[in-house]
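Nothing in this text is a laboratory measurement; each read-out follows from the coordinates by a stated rule. Remember, predicted model here, so these are calculated numbers, not experimental data. All Cβ positions, even for glycine, are placed from backbone atoms using ideal geometry, and neighbour counts span all protein chains on display.
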Amino acid sequence: MKIFAVIPAAGTGSRAGFGQNKILQKLDGIPVIRRTVSAFARCESIAGIFVCVSDADREQIARTLEGVRDVRLVRGGNTRTQSVRNALEELAALPCPPDSVLIHDAARPFVSQKIIDVCIKTVQECGSAVCATPCTDTAVLGEDGKICGTLDREKLFTLQTPQGFCFADILSAYRKIAPGDAFTDDSGVYARYVAPPRLFAGEARNKKLTFAEDFAMNETRTGIGVDTHAFCAGDHIVLGGVHIPHGQALRAHSDGDVLCHAVMDALLSAAGLADIGHYFPDTDPQYKGANSLVLLSRVCDLLEKEGFSVGNVSAAIVAERPKLAPYIARMKQNLADVLQISEHAVGISAGTNEGLGYLGRGEGITVTATVTIVSQNRL
């Protein structure tokens, strides 16, 4: 069967309050419309994708969708119903119109391949397929701010998209719409003029982005950082901002705080940024003897600009000497203060290398740090 997708995207999304069509808003750096269209482009069963756009957004959406396969922009209408009708008529004018069509909201970028596949299978077997989730909350009728009736939630569903139909049937239904008819989705058109459509199970994550708060997108990432510094002449070392008496120092351009350096690299890595040598090169005089807690604070600023905050930190210090146990509590507090997280979200362990290798010979200190960071999509 030849299957096309229709994605109406000609609205303004004014309720989101972004000052532009909400589908052009980015989620983790990718515009909503590109996420949505790409989901259908990845499905090998989809022969082509018609995206309904307004004249005002056509140019920007065309640039946004560059490189996505088999996409064609068609003129949208003043309403969703008119946009879909326009796309169906464009499909009907093809030399070989499709057998089936899947219609999907542009503002549902989290649609899964499973949902698309099930929609296709259901429409092939039943002639229609409407994505829906059961209503789990108590549902009531309200009037004048009061409950005036209850509904049986066992029979209630919340409709989503995609909604799939035999192409000839849905085209015929749309051509029968009267001027006074009002529909919020395609299942209503099909139900009015063809038959009750078939439901199939949707997914909670397949939500429609309507208001600004819907665009808040949390993502957790992890990062690993490893740093080593050799001992040199001196009388103390610095770990986590704590000055620890010792017969030697750690060789470095800055203060040699190997713990902070490992944590910094882990944070930068998790955010997909360059390493600390890029931001604080040892050839730059301004970082000579620099306090690494201050540099760690600057790394936090870099993360914030990328939309990240720190979740937790775990670091393992490997050193034959000196004994570090008495200083770990202060290290944890210093890191927690700079990272603006709870002291309980900072874990630091210290151990030896059992006399093995350069660490066992007491030639230096190595720290391995792992971190989690949370991305909060900026609105």
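Details
- Cα centroid separation - region 86-105 against region 282-339, whole Å: 58
- Per DSSP, loop chymotrypsin sites (Phe, Trp or Tyr not before Pro) in region 1-87 with at most 11 further Cβ within 10 Å: none
- Rounded to whole Hz, the Karplus (6.51, -1.76, 1.60) HN-Hα couplings of region 246-259, x for glycine and proline: 6, x, 9, 10, 9, 6, 5, 6, 8, 7, x, 6, 5, 5
- Among beta bridges that DSSP assigns inside the chain, antiparallel share in %, nearest 5: 65
- Whole-Hz Karplus values for region 312-325 come out as 7, 9, 9, 10, 10, 9, 10, 8, 6, 7, x, 6, 10, 3 Hz, taken residue by residue from phi with 6.51 cos²θ - 1.76 cosθ + 1.60 and θ = phi - 60°; glycine and proline positions read x.
- Nearest 10 degrees, 0 to 90: helix 328-339 Cα axis against the chain principal axis: 40
- Placing +1 on each Lys and Arg Cβ and -1 on each Asp and Glu Cβ, with no other charges, gives the chain a dipole about its Cα centre of roughly 800 debye.
- Among [x] 25.8, 93; [y] 22.6, 77; [z] 29.1, 90, the entry that matches Rg and Dmax of the Cα atoms in Å as calculated here: [z]
- Residues of type aspartates and glutamates that residue 323 reaches as a straight line, Cα spacing below 20 Å, ignoring anything fewer than 8 places off in the same chain: 227, 235, 255, 257, 354, 363
- Pairs over the 19 Å Cα-Cα cut-off, from the set 288/332; 114/207; 2/207; 2/121; 22/176: 288/332; 2/207; 22/176.
- Under 5 Å from the amide H of residue 158 lie the amide H atoms of 133, 135, each residue being 5 or more positions distant or on a separate chain, with H modelled from the backbone and absent for Pro and chain starts.
- Compared with the dominant principal axis of the Cα atoms in the chain, helix 80-92 is inclined by about 70°.
- Trypsin sites (Lys or Arg not before Pro) restricted to region 3-57 and DSSP loop, no more than 13 other C-beta within 10 Å: 42
- Between 0 and 90 degrees, the angle of helix 292-305 with respect to the longest Cα principal axis of the chain falls at about 10 degrees.
- Taking a Cβ cut-off of under 11 Å around residue 357, the surrounding Lys, Arg, Asp and Glu residues balance to a net charge of -2, with basic ones at +1 and acidic ones at -1.
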